[in-house]
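Presented below is the structure to which this report refers.
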Protein chains: 2
Amino acid sequence: MSKKVLIVGGVAGGASAAARLRRLDEHAEIIMFEKGPYISFANCGLPYYIGGSIAERERLLVQTPQGMNDRFRIDVRTHSEVISVDPHQRTVQVRSAERGLYEESYDELILSPGARPVVPDLPGSDHPLIYTVRNIPDIDRIKEKVTAGGGRSAIVIGGGFIGVEMAENLKEAGLNVTLIEGNAQLLAPFDPELAATLAQEMQHKGVNLLFSQRVQGFRSTDRGIGVELGGERLLTADLVILAIGVTPDTAFLQSSGIQLGARGHIAVNEALETNLPHVYAVGDAIEVRDYVHGGKAAIPLAGPANKQGRIVADRIAGLDSVYKGTMGTSVIKIFDMTGASTGSSEKTLKRLGIDYRSIIVHPSSHASYYPGASAIVLKLLFTPEGKVLGAQAVGCEGVEKRIDDIAVTIHFGGHVSDLAELELSYAPPFSSAKDPVNMVGYAAENIVAGRVQSFTYDQLDARIPENSVLLDVRSDLEHRGGHIPGSISIPVDELRGRLNELDPAKEIWVYCQVGFRGYTASQILRQHGYDVRNLSGGYKTYRQAQF
Amino acid sequence: MSKKVLIVGGVAGGASAAARLRRLDEHAEIIMFEKGPYISFANCGLPYYIGGSIAERERLLVQTPQGMNDRFRIDVRTHSEVISVDPHQRTVQVRSAERGLYEESYDELILSPGARPVVPDLPGSDHPLIYTVRNIPDIDRIKEKVTAGGGRSAIVIGGGFIGVEMAENLKEAGLNVTLIEGNAQLLAPFDPELAATLAQEMQHKGVNLLFSQRVQGFRSTDRGIGVELGGERLLTADLVILAIGVTPDTAFLQSSGIQLGARGHIAVNEALETNLPHVYAVGDAIEVRDYVHGGKAAIPLAGPANKQGRIVADRIAGLDSVYKGTMGTSVIKIFDMTGASTGSSEKTLKRLGIDYRSIIVHPSSHASYYPGASAIVLKLLFTPEGKVLGAQAVGCEGVEKRIDDIAVTIHFGGHVSDLAELELSYAPPFSSAKDPVNMVGYAAENIVAGRVQSFTYDQLDARIPENSVLLDVRSDLEHRGGHIPGSISIPVDELRGRLNELDPAKEIWVYCQVGFRGYTASQILRQHGYDVRNLSGGYKTYRQAQF
Ligand SMILES: Cc1cc2nc3c(=O)[nH]c(=O)nc-3n(C[C@H](O)[C@H](O)[C@H](O)COP(=O)(O)OP(=O)(O)OC[C@H]3O[C@@H](n4cnc5c(N)ncnc54)[C@H](O)[C@@H]3O)c2cc1C
Ligand SMILES: Cc1cc2nc3c(=O)[nH]c(=O)nc-3n(C[C@H](O)[C@H](O)[C@H](O)COP(=O)(O)OP(=O)(O)OC[C@H]3O[C@@H](n4cnc5c(N)ncnc54)[C@H](O)[C@@H]3O)c2cc1C
Ligand SMILES: CC(C)(COP(=O)(O)OP(=O)(O)OC[C@H]1O[C@@H](n2cnc3c(N)ncnc32)[C@H](O)[C@@H]1OP(=O)(O)O)[C@@H](O)C(=O)NCCC(=O)NCCS
Ligand SMILES: CC(C)(COP(=O)(O)OP(=O)(O)OC[C@H]1O[C@@H](n2cnc3c(N)ncnc32)[C@H](O)[C@@H]1OP(=O)(O)O)[C@@H](O)C(=O)NCCC(=O)NCCS
């Protein structure tokens, strides 16, 4: 007898599950409920429709109910909200625009309701000029506001991926944009010194950034809407985009007996089964295992949602696929720059008390003698023994390629020496004979082997000037152009001849522009008996972190 | 006591070894011999200096003898050819432009002499208008010929990487270019159906291609130089670039007792030691282990040469690094396209009699709704059990990124299900939620699991029309626009309603445009009891292979 499978949510996780399930089981009855008017839309494309790089609205609709029926015989029901689940009867209750309230029974149930934007409980947070960005109706409203000429300025609240993308795209649409972020940095997956580079790009492109500001409330002004900040400060604009994060859209499950986590995420095992038999869950609504540190994580990204949807279809069709966890590989375009990251950040490792080492290198995106090369800032996190834990990169070209290589390495539980060994494609327009990923592997290997000690920009304050020398090994010209206060200058190429200027009883804290000459200098000094450490990422990272 | 280390060859492998060795050993005496006038030059950049994208000649000189001495205290001796090695005395004999003949003793000897262009033994092959491309003097000669206006047309012989890059760059320099290739395809690492796409790009950009032509000889003509082909055919041009391959530059080792392979490559073990104590070898001159199939391989690429140089330095400094083999990851830019490959090709697997499966997919370089997306042709080779053996891709964007991901997977001995699981970075400008690498993993998983049978374009001839139906499941419009002779048309979305048109006693050979709808159709038919197979890569690959 053929199975009856119900799916709640018709976008990334839900639609992927439906399509895969039909391919595996021609005979199942598959019904997909979507409370909104559209299925299979490109959530991730929404901001670009505002900016105009996606010009036609229809491009956002990847599949239609008709298409899903023609190709996959899926019974797609839009404007149909599942309002409760009864696991004993194996039914769901549906509120349909067309059919009113009704019940539908299931043999298997797949939950992919996703997450909705957090709306804070603040005075005026229901103001009509406040917009959130989750779906097509949301973006239609924003588009209308912006193109009707009713929007010449916007305030974006929240500097996560969606906030930053919206700020970029509102700017591209010609608006005056201010972004307000509660923390001291944008884009939490990045550590501050890398996030700073991305923030700088936004400022260069004309987005006003306000950090460490808590919004107190909203009110109407004669110009439009006012956002109240601490100290009586009021910012006004024609519209506000609220993008301070998402929360799982699981309220309808409260009384179902399905186990939810502290923040409302559905708890699942490796098979993506909930605690109830025949009920599976995927996507933004679930809590997963963090692939790197093994703890619980909720990582609302489309790749994991799509993959989980496919796995659940496999399980229902009798295959034994499992979901092993999410490492959070992600990428964002910010005007002409790219930022990408995977695995754990330094912040996360610190928070969890995991022992780690880090290195920052600044390799060229491709052979520096071939036109168009630009620097990538690449930071690697690894255990003291060298197991790769995470990486982040920013730059203009080839950034996400390197992060993907490292994500693959993490998938296999790889070591920094694997990064050094990887045989990656090289021709001058694409890379260097020592790819940036090899380079960060080399630098990390040297740390793991104890051949070099490094220090980070934020440890400079802990240096005791009496016991140590801060040594700039860049050229005289570079030193005169700007240096870390308190440093003396001996260019690396002169070092061997000027060792007598350095007191062997003192710690030598070396730095150069990006860390490379400092490393060479460290090796010279170490082998002449000095106690030496090198600034990770060099003066460039030091400066960047000042931003 | 400090070691005395001699290095033969001052470019990729040699210079990398020298720099690393100094970092590890401040006290070693390091002498580097280079028979040419320059060290550390960008071999890989040479063609682009002709095309003009590298405008300044100095950009090709990555390091100078002075720089190597200042930074690393390397005693660099250019115009110094090592003409023999005496392993008993532990000396080399050097012919120096400055110092004449002399001997130098060693504790450790590193050989990185590289490979030189093959010059065939044909009438006229010493003609002064024939040029080869290995080093700076070579490229100076070509540049002079081309810019003095003495070159308006060129014939490139050989369609390997260097030949193709030279053809592209001579074209960019404004010359009329013909490329002659002895085989039926360009770029041997690619299988023919992918190489065809790259060849087409060359033709579109105005390079004349002649395949399966053997050059018989060369002679002067009043226009310049004539290249004699079979059947009395003569092609004339102002210059000829000879790029039919390279041969290890190891003649000077003939009487040294160092073991050389059949084609003159130096035999080494994992530690990159030759058969003689204290003699190491790296780079284009050595024979390595093929990382995928374990056989012997000679793969003249800069990445391996650089890595091997570093490993030999490690060994000499007492570290236990080893070289595990080369998989041949490579990439080439051809005008607006990119081709990249890693691991074994189908041709290689056939030649070695290794059992394999393959799949071709045509995913979009990034989300198709975001501007600028283009199709990637991605071919994967794997064992019947799913271990990844190799991959090739061509396209305009994101090609080498996907090949690198697969190269990393091969490094770890990964499976097609790993490709399906990989968590790669996704935002619309960069990829799709199901990355092309995931997609090829999915398609391959289906083959490994026996859920789908596929056939390849070159198996069509073996189909017996009496027992089988060739079924085009694309739209009517697409079918009318061109189809495989003998096929009938039932669009996939109509298939379920028209099963009665298909005889269940016959094999169904399905195809669509790229393989995806054919796969869906296969699943429908299979589950209705048909014996069905799907064309890998679809009509697109079929057409491409006709080229
Ligand atoms: C603006 C924006 C940009 C993004 N950019 C990226 C990006 O670049 N890269 C990336 O990886 N991810 C991105 N994401 C995240 C990505 O879209 C999500 O991770 C993914 O869509 C999650 O899939 P899902 O199936 O869990 O939820 P969704 O795709 O949100 O689908 C859930 C659906 O379920 C419906 N639903 C909810 N409850 C019910 C109910 N009770 N009954 C019926 N239907 C219900 C909802 O209406 C919704 O349509 C972005 C998201 C947004 C909003
Ligand atoms: C035009 C061109 C383009 C290329 N493009 C790419 C590319 O895009 N990607 C890629 O990965 N690879 C590319 N390569 C290949 C890459 O350059 C080589 O793999 C790499 O340089 C090999 O390093 P090696 O140290 O073995 O040899 P080489 O770099 O060739 O260095 C060997 C040196 O040794 C010297 N020598 C030889 N014999 C003696 C002797 N007896 N005494 C003293 N000196 C001696 C030679 O003069 C030579 O300078 C390209 C090569 C060429 C020529
Ligand atoms: C549109 C949608 C329903 C498609 O789902 P889907 O059919 O599973 O996914 P795809 O169209 O990418 O096709 C993947 C399938 O094609 C197969 N395939 C792809 N190319 C193939 C080829 N050339 N030959 C054979 N098979 C191929 C794959 O193996 C896979 O099948 P499988 O899962 O059975 O192994 C779903 O992705 C969706 O709703 N997307 C929009 C929503 C969304 O993801 N939003 C967030 C990101 S913006
Ligand atoms: C120029 C040349 C001598 C440089 O060799 P090199 O010093 O080994 O290589 P790089 O300059 O890339 O530096 C790599 C070193 O810097 C270290 N490094 C790089 N960035 C660093 C950073 N930010 N912090 C600390 N260390 C860093 C790496 O760890 C590595 O050191 P290690 O090998 O001791 O671990 C050599 O590459 C060469 O001759 N190249 C031209 C020839 C050639 O390769 N041709 C073929 C391709 S065109």
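Quick check: Cα centre of the range A:47-89 to Cα centre of the range B:47-63, how many Å?
52
Tell me the volume per residue, in Å³, of the convex hull enclosing the alpha carbons of the range A:121-219.
On the way: hull volume 10.1 nm³, N = 99.
Convex hull of Cα atoms, per residue: 102 Å³.
How large is the Rg to Rh ratio of chain B when both quantities use alpha carbon positions and Rh follows Kirkwood? Mind dumping the intermediate values first?
Values: Rg = 26.5 Å, Rh = 25.8 Å.
Value, to two decimals: 1.03.
Apply the Karplus curve 6.51 cos²θ - 1.76 cosθ + 1.60, θ = phi - 60°, to the phi angles in the range A:101-108 and return the couplings in whole Hz, x for Gly and Pro.
Computed from phi, the couplings for the range A:101-108 are 7, 7, 10, 9, 8, 9, 8, 9 Hz.
Relative contact order for the range A:1-114: what is it in percent, counting Cα pairs under 8 Å that are at least 6 residues apart?
Working: 213 pairs, mean separation 36.9, N = 114.
Once normalised by length, the contact order is 32 percent.
Could you give the nm distance between label points at A:ASP503 and B:ARG219, where each point is 7 Å from its Cα heading toward the beta carbon?
8.4
With solvent modelled as a 1.4 Å probe, how much accessible area in total do chains A and B shield from it at their shared surface, in Å² to the nearest 100? Before the final figure, lay out each step's value.
Working: alone 24180 and 24140 Å², together 40820 Å².
Summing both sides, the interface buries roughly 7500 Å².
Please work out, to two decimal places, the log10 of the ratio I(q)/I(0) at q = 0.20, 0.27 Å⁻¹ from a Debye calculation in which every Cα of the range B:345-405 carries one identical scatterer.
These q points yield log10 I(q)/I(0) values of -0.75, -1.07.
Pulled fully out, how much extra length does the chain show between A:ARG451 and A:ASN69, if you take 0.36 nm times their separation in residues and subtract their Cα-Cα distance?
Working: separation 382, 0.36 × 382 = 137.52 nm, distance 6.23 nm.
Taking 0.36 nm per residue and subtracting the Cα distance, the gain is 131.3 nm.
Looking at this model, which pairs from A:LYS347/A:LYS401; B:LYS347/B:LYS387; A:LYS307/B:LYS506 are more than 28 angstrom apart at the alpha-carbon? Can you show the working numbers first?
Working: A:LYS347/A:LYS401 23 Å; B:LYS347/B:LYS387 17 Å; A:LYS307/B:LYS506 36 Å.
Result: A:LYS307/B:LYS506 exceed 28 Å.
Pairwise over distinct Cα atoms, reciprocal of the mean inverse distance: report the Kirkwood radius of the range A:335-375 in Å, one decimal place. Provide the component values of the computation, followed by the final result.
Values: mean 1/r = 0.0763 Å⁻¹.
Here the Kirkwood hydrodynamic radius works out to 13.1 Å.
Just need log10 I(q)/I(0) for the protein assembly as shown at q = 0.06 Å⁻¹, Debye formula, equal scatterers on the alpha-carbon atoms, no solvent, rounded to two decimals.
Cα-only, vacuum Debye calculation for the protein assembly as shown: -0.53.
Just how far, in whole angstrom, is the range B:380-420 from the range B:226-292 if you go by their alpha carbon centroids?
Cα centroid to Cα centroid, the span is 29 Å.
Can you tell me the relative contact order of chain B? Whole percent, Cα pairs under 8 Å, sequence separation 6 or more.
On the way: 1220 pairs, mean separation 59.6, N = 547.
Relative contact order for chain B comes out at 11 percent.
Placing the label point 7 Å from Cα along the Cα-to-Cβ direction, what are the distances from A:PRO137 to the equivalent spots in the other copies, shortest first, in nm to one decimal?
Once sorted, the set of distances for A:PRO137 reads 7.7 nm.
Based on Cβ point charges of +1 for Lys and Arg and -1 for Asp and Glu, what charge dipole magnitude is obtained for chain A about its Cα centre, in debye rounded to the nearest 20? Let's see the in-between values first.
Values: 55 positive and 64 negative charges, 45 e Å.
The dipole of chain A has a size of about 220 debye.
Give me the percent of DSSP beta bridges within chain A that run antiparallel, rounded to the nearest 5.
Once the DSSP bridges in chain A are tallied, antiparallel ones form about 55 percent.
So what's the angle, to the nearest 10 degrees on a 0 to 90 scale, between helix A:161-172 and the longest Cα principal axis of chain A?
90
So how much slack lies between A:ALA148 and A:GLU273, counting 0.36 nm per residue of separation and subtracting their Cα-Cα distance, in nm? Present the calculation step by step, with values, prior to reporting the outcome.
Numbers: separation 125, 0.36 × 125 = 45.00 nm, distance 4.68 nm.
Between A:ALA148 and A:GLU273, full extension yields 40.3 nm more.
Can you show me the helix-derived [θ] at 222 nm for chain A, built from DSSP H runs with n ≥ 4 at -39,500 (n - 2.57) apiece and divided by the number of residues, rounded to the nearest 500. Intermediate values should be presented prior to the final figure.
Working: 14 runs with 144 residues, N = 547.
Per the formula, -8000 deg cm²/dmol.
Suppose each label sits 7 Å from its Cα in the direction of the beta carbon; what would the B:ARG496-B:ASP320 distance come out to in nanometres?
6.2
If you put a point 7 Å past Cα along the Cβ direction, how far is that point for A:PRO277 from the same point in each other copy, in nm, smallest first?
Ordered by distance, the counterparts are at 7.4 nm.
Could you state how much accessible area B:VAL452 has, in square angstrom rounded to the nearest 10, with a 1.4 Å probe and all protein chains kept in place?
Taking all protein chains as shown, B:VAL452 has close to 20 Å².
Excluding ligands, DNA and RNA, what is the solvent-accessible area per residue of chain B at a probe of 1.4 Å, expressed in Å²? Let's see the in-between values first.
Details: 20400 Å² over 547 residues.
With all protein chains present, chain B gives 37 Å² per residue.
Quick check: residue separation of B:ALA262 and B:ALA97 times 0.36 nm, minus the Cα distance between them. What number comes out in nm? Mind showing how you got there, number by number?
On the way: separation 165, 0.36 × 165 = 59.40 nm, distance 3.21 nm.
Full-extension gain reported as 56.2 nm.
The values are calculated or read from the model by the stated rules, or taken from the named source; none is laboratory data. Bear in mind the structure is a predicted one, so any value in this text is a computation, not a measurement. We place every Cβ from the backbone using ideal geometry, glycine too, and count neighbours over all the protein chains shown. Accessible surface areas use protein heavy atoms only, side chains included; no ligands, DNA or RNA. Shrake-Rupley method; radii C 1.70, N 1.55, O 1.52, S 1.80 Å.
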